[in-house]
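Shown next, in structure tokens, is the structure this report addresses.
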Amino acid sequence: VVIYIIMHPALTSSLVIGCIISGAFWSVGQLLQYKSYGVLGTGKAFAISTGFNLVLNSLFGVFVMGDWAQTNQKLIGFAALAVIICGAVLTSYSENKDIFGGMEDLKKGVIILAIAAVGFTGYSCAPTFVGAGGIQAVFPQAIGMIGGSLILSLFESKDIKKFDAVTFKNMIPGLVWACANIAMIYANKLNGVAIGFTLSQMAVVVSTFATLVILKEKKSKKELLHTILGTVVVAVGGIMIGFTK
């Protein structure tokens, strides 16, 4: 709302509808990703989510939006995706097969994240599909986010407090995220979804170490080695993506 009042971006009906749909898709993806944290742990969930999101967004960018038009771009791009996914898998390595409730919880978490990835793909691709820039998209997108989140909250258990101190504290990371969101939309518009969204997923490197340093998720030496190696591999994949331009 603040950005809209200050910048007065030109909005068309198709742009508004597309960005509202984007926001609604985001609410689905974000809610399910939060739920996956409780099943798998933040580090593992974010790593798996990165893999799913990269595949779906890149496929949309290449086959719908026409990104990576040349054969060599496709070869480098999909090779980079494979490298990034391998890195994400390495960061989620666990020695204890029973951790997080064993295979049942892993299967449950993967299903949740697969559905979440569909939501995140709709969120990231819809603004690009209607040609929206970051400043143009953020206000109608926020309408879709709030509306979608409120509707989804109706299906949550009545025992869950939907509006309390924690709710309002979460507005702080929400504002921080909004700045990153504008940047990502611009990146998608400038470079295409396949490149823009993929580079945004380099956040897995930061989030993986944040779970260790800030959230104090414990890892064995072998798990820590896999985590460090995985983040390096992800970074290499991100560098490879740059060669698709």
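The values are calculated or read from the model by the stated rules, or taken from the named source; none is laboratory data. For clarity, every value in this text was computed on a predicted model and none was experimentally measured. Note that each Cβ is placed from the backbone with ideal geometry, even for glycine, and that neighbours are counted across all protein chains shown. Just so you know, the surface numbers come from the protein's heavy atoms only, side chains and all, with ligands and any DNA or RNA stripped out. Shrake-Rupley method; radii C 1.70, N 1.55, O 1.52, S 1.80 Å.
Checking GLU95 against (1) in contact with a Ser or Thr (Cβ under 7 Å, 6 or more places away or on another chain); (2) open to solvent by less than 60 Å² (accessible area, probe 1.4 Å); (3) over 23 Å from GLN141 (Cβ atoms), which test does it fail?
Exception for GLU95: condition (2).
Being surrounded by 23 or more Cβ atoms within 10 Å (Cβ to Cβ) and assigned to a loop (DSSP other than H, G, I, E, B) is the filter here, so list the residues in the stretch 23-45 that pass it.
none
Which one of ILE76, ILE48, ILE112 is out of contact with any Asp or Glu (no Cβ under 8 Å at 6 or more places or on another chain), closer than 20 Å to LEU224 by Cα, assigned to a helix (DSSP H, G or I) and open to solvent by less than 60 Å² (accessible area, probe 1.4 Å)?
Details: ILE76 fails: closer than 20 Å to LEU224 by Cα; ILE112 fails: closer than 20 Å to LEU224 by Cα.
Just one listed residue meets the conditions, ILE48.
Quick one: is ALA88 modelled with pLDDT of 80 or more, aliphatic (A, V, I, L, M) and within 25 Å of LEU199 (Cβ to Cβ)? If you could, list the steps in order and put the result at the bottom.
Details: modelled with pLDDT of 80 or more: no; aliphatic (A, V, I, L, M): yes; within 25 Å of LEU199 (Cβ to Cβ): yes.
In short, no.
Select from the stretch 116-165 the residues that are part of a helix (DSSP H, G or I) and either surrounded by fewer than 16 Cβ atoms within 10 Å (Cβ to Cβ) or touching a His at 6+ places or on another chain (Cβ under 9 Å) (or both) and list them in ascending order. Break it down stepwise before answering.
Taking the stretch 116-165 as the starting set, the residues that turn out to be part of a helix (DSSP H, G or I) are 116-129, 134-153, 165.
The answer is ILE143, ILE146, GLY147, LEU150, ILE151, LEU152, SER153, ALA165.
Grab the helices (runs of 4 or more DSSP H) fully contained in the stretch 166-245, keeping just those with 2 or more residues being over 18 Å from TRP68 (Cα atoms) and open to solvent by less than 100 Å² (accessible area, probe 1.4 Å).
Working: elements: 171-191, 193-200, 203-213, 221-241.
Passing ranges, in order: 171-191, 203-213, 221-241.
Based on this model, can you work out whether VAL89 counts as part of a helix (DSSP H, G or I) and either within 23 Å of LEU32 (Cα to Cα) or small (Gly, Ala, Ser) (or both)? Spell out the reasoning first.
On the way: part of a helix (DSSP H, G or I): yes; either within 23 Å of LEU32 (Cα to Cα) or small (Gly, Ala, Ser) (or both): yes.
It is true that VAL89 is part of a helix (DSSP H, G or I) and either within 23 Å of LEU32 (Cα to Cα) or small (Gly, Ala, Ser) (or both).
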